[in-house]
Structures are given as structure tokens and as C-alpha cells.
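Okay, structure first, notes after.
The values are calculated or read from the model by the stated rules, or taken from the named source; none is laboratory data. Just so it is clear, the model here is predicted, and its values are computed rather than measured. With ideal geometry, Cβ positions are generated from the backbone for all residues, glycine too; neighbour counts draw on all protein chains shown. Note: accessible area is taken over every heavy atom of the protein model, side chains too, but ligands, DNA and RNA are not part of it. Shrake-Rupley method; radii C 1.70, N 1.55, O 1.52, S 1.80 Å.
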Amino acid sequence: MHKNTNALVKAIRFATLAAVAAPASVMAGGFSLNEQSASQMGVANAGAAANPENATTVLFNPAGMSQLSGTNISFGAAVLDIDAEAKSASAKNQLGGDVSGSTGGDIADAAVLPNFYLTHEINDSIDVGFGIHAPYGLAADYDDDFVGRYFADKTELTVISFSPAISINNGKGLSMGLGLNVMYAEGRLTKFQDYSGAYGRWQKGYNDIGAITAPAPPSAIGVPDPSSVNGFEQGYADIEGDDIAVNFRIGFLYELSEKTQIGLSAQTPTRFDLEGDAKVSNIPDTTVVTLPGVGDQVFPTGAQSTQTEKVKVPLEIPESLTVGLRHQIADDWTVLAGATYARWGRFEELDINSREGASGDVSSATGRTGDTPITHITEKWKNTWQFNVGGIWQATPEWAFKAGYAFDESPVDQFVTARIPSEDRHWLTLGAQWNDVASGWTVDAAVGTLIFADDVKVNEFQYQHDAPSQKDPNAGASNYTAEYELSAWSAAIEFSKAF
């Protein structure tokens, strides 16, 4: 009997605190965004570390500022529209019953990503710059009747970076740059709550007590009868938080010859600790009942309530290394190539931690104690590569045309979830550049399409914090399976001028 009631308490806790947050993106590069510049997007970011066309080099390689004269500005915006919808989906609740609902609809809306960059030449050796851009972000929103609503509902992450930079050159073809990214992030993560397991264990515990206390009913010792409640109403978990984090970008640019140069850019890792509030509705209320020969045990009362608690959600930002090559094969033709290695393997788990300890309302209601997280999600992402090639044809002094291709690995490995229906992708882009020699203004426009390597298959369970690869027994039979079809397109425009 003691074992059964402890299982009941764990089940209530798990049902209330089952994972409500995980970075979600159908993009391959984790939750990083490639659409930072129309001029670089035209060649799928190929050779961006070695091709300082304008002030956007503040982001891609700050060392490139040394090749810009005077004062330069670039500003624009990109539109990213992703179609991500489950072709088929089904789910089981904690008791193994089928969850009714839809496949969730198209989970991603179009997003607008603005940017602004500025550089200024201090003297022949030193340049400074500044950028405002959105390096990371994601958004996913399922319909409320989504069959997998106990695994995912809304996921929102917005990151804005303020990036001062400086570069120094030795006058002999070598430049070095340093950039600082001061990033503000805010996020929201929600899901519906499945309390079927808690109710099922309540029924079993009630029947077990009946066998012990017969012929007196369990109600005689203060144990409420679950048949008077007929199941718990599903709940809803909503977490919001924000934080500021800082990392650095170091860059080198070397001119091998008048027609060839190579660039290297490295970004340091950092971590956001998104601090905010967790609000969980319809948590089953409990009461302590003294059982003959067993002692004090916790049982639901049949009532449900809403609780809030201050929480913190760590979010890892990986280090990365980018190499770029630019070579002018003819007066009107330039080829570009590049590769980026990102250490997404740092992102092993996503935990929602209490900032109030065991005294928090949600923790108190669910029996969470110690330093264990309120909820845990196993991620175990892998390190990734992105490879890019591109070309520029200078058709006339005013017009240039661009094309690019990139292969982008997905960091999501074996733990594919409803929040992260991610897969490797191919990125195809076209761009055009118009330069008004008289005014000095340059306009870049680019379009791109994403072709995903395969449909995404999801077979999601809940896993233990202390054993991240083992299913959590308190989740019962909870499971979500689906197959997603993904596609996306993007477009960008950029205005640049040298003064």
C-alpha cells in the first residue's frame, strides 16, 4: 500500500510537470537564423567570412571592416515562411488511451527579421562598427485540439543582438577583428497537461485501501472516492522568461593575392538563463490521510487549482567556427565557398528549474524537493556542419547576379520531438544587386527555398532526468508519434551606402 500511494504522488507530480518547453524549429541549424543579410543570402552565405561587400561584415567577420573605406551603412529585412504540418499523428495518454484531436495544422507563421549595420574608418589601420540583428529565433504554435497537445503547444523565442566591433589591419594583407554580441532573449513555452495517470492511480489506490480496510469503506478513514469526480480536467502549463547574455566573435582575413582571400571567424559559447514565471492550471489538490498500519499518505481531494512559481530555463548557445574563401576567376566572375562547424552537442537537456526551492507553489503542490528540476527534457543534440558554395556574375557596372547552395545538418539526433520536427536541409538561393554609381546606393534582393532531406518522423516519450535515455515510468504509456512534411521559402532586401 505504501508503494502504491508513493507512485500516486509521483504520477501527480509528473502529470503536472511533464516537459513544457523545448526549442522548436524546423530549421536545421538548431534555432540559429541564416537570413541576416540579403547580399550574403544571394550566395547562401558562401564565403561570407571572406567577402566583405558592405557593413554586414560586422556580423560575418569583423576583420572585413578593414576593407571598407569611410563610413558604411547597410539595413534591410528578411521574410521567412515555413510550412510544417504533420501528415499523420497519434498519441497515447498516461493510461494508454488514445488522445483525440487533429494533426495540429501548420505550426509556423511567417516571420520578419530586420537588421542594421554600420562601419566607420578611424584611420588606415583601425575600423569600428555596430550591428543590430536577430541571430536566433523560433516560433511554433499547434491548434488547441492537437492530438499531441500533452507534448507541445506554443514555442516562441526571440533574440535581438547589439553588436559593436573593431578591426585592425597590418597594411600587408592581414586583418584581425573582434566583435561583442550583447543579446536580449525572451521566450514563451506552453503545453496542455495530462492528468489521466494521476486519476488512474488514485482509483487503484482507493481500491487497494478498500481491500485493507474492508468491510469499512476507505471514506471511513478520510480517503475520497474517485468515482465522485470522474476524472481530472486537463491543465495548461505556460512559462515566460527573458535574459541577457554576451558572447564574442573573433575574425581574421588574409589576402592571398589580388584575386583571392580567405577568412576565418570564431564565436564563443554562452548561455541564457531565461528567468520568469511558470503558471500551471488544474493541478490536482491533495490531502494527507493517515492509514492504519501504514502512516501518512497523500491523496487527491478531487479539486483542482492553478499555481505559479518563479523559474529559470537554461538555454545553451554553442561556439562555432566559420571558414570562407573568395576567388575572382575573371573580371566579371567571383566564386565563393565556406563551411561552418557548430558545437550544438553542448545542448544535452532542457530543464525548468525553480527559483523558489521546494517552497514554490507549483513545487509544493506536486511534491518536488531538492535540486531536481521542475521538469526535464532530454535533447542530446549533435555537433553540425554547414557547407556553402556560391557565385557572383558582374553583368554590368550596375548589375550583379548571384546564386548559392548550402547543405545544413540538423543538430537533432535520436530525440526528435513535436517541438523540434527537424531534418537536414538543402538551401538554394538567387540574388540580384543594383549599384547606383551616381548616388552610391546599392540595393540587394534575394530569394531562397529550403528542400528538406526527408519527412520528419517523431516517436516521442518522456525521459528521466538522472537517466536521460531511459523512459520515465511515471509517464505511464504517454507517447506521441507523427510524420511531418516540411518546406520553406525566404526573401530579403538590403540597402547599402558608402559615405
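Farther than 24 Å from T260 by Cβ, more than 23 Å from the chain's Cα centre (by Cα) and touching a residue at least 40 places away in the same chain (Cβ under 8 Å): is that true of V416 in this structure? If you could, list the steps in order and put the result at the bottom.
Working: farther than 24 Å from T260 by Cβ: yes; more than 23 Å from the chain's Cα centre (by Cα): no; touching a residue at least 40 places away in the same chain (Cβ under 8 Å): yes.
Criteria not met by V416.
Quick one: which residue in Y195, Y206 is over 30 Å from S66 (Cα atoms) and surrounded by 23 or more Cβ atoms within 10 Å (Cβ to Cβ)? Please lay out each step first, then the result.
Working: Y206 fails: surrounded by 23 or more Cβ atoms within 10 Å (Cβ to Cβ).
None of the others qualify; the one that does is Y195.
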Going through the range 211-226 one residue at a time, which ones are surrounded by fewer than 14 Cβ atoms within 10 Å (Cβ to Cβ) and free of Cβ contacts under 8 Å to residues at least 24 places away in the same chain?
A211, A214, P215, A216, P217, A220
Of a type in the set (V, I, T), in contact with a strand residue (DSSP E or B) (Cβ under 7 Å, 6 or more places away or on another chain) and under 30 Å from K382 (Cβ atoms): does that describe T334?
no
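On the basis of being part of a strand (DSSP E or B) and either within 30 Å of F232 (Cα to Cα) or open to solvent by less than 70 Å² (accessible area, probe 1.4 Å) (or both), does D144 make the cut?
Numbers: part of a strand (DSSP E or B): no; either within 30 Å of F232 (Cα to Cα) or open to solvent by less than 70 Å² (accessible area, probe 1.4 Å) (or both): yes.
The answer is no for D144.
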Selection status of L274, of a type in the set (A, V, I, L, M) and closer than 30 Å to A63 by Cα
no
Quick check on this structure: which one of E240, E233, E255 is charged (D, E, K, R), closer than 30 Å to A337 by Cα and either open to solvent by 50 Å² or more (accessible area, probe 1.4 Å) or out of contact with any helix residue (DSSP H, G or I) (no Cβ under 8 Å at 6 or more places or on another chain) (or both)?
E255
When the range 285-306 is examined, which residues are found to be farther than 12 Å from P224 by Cα and of a type in the set (A, V, I, L, M, F, W, C)?
L291, V294
Matching strands (runs of 3 or more DSSP E) fully within the range 349-463 where at least 1 residues are open to solvent by 20 Å² or more (accessible area, probe 1.4 Å) and modelled with pLDDT of 90 or more
349-354, 384-393, 399-408, 425-435, 441-452, 456-460
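Taking only the range 179-232 into account, find how many residues are assigned to a strand (DSSP E or B) and among the acidic types (D, E). Before the answer, list the steps.
Of the range 179-232, the ones assigned to a strand (DSSP E or B) are 179-193.
Narrowing further to those that are among the acidic types (D, E): 186.
So the count comes out to 1.
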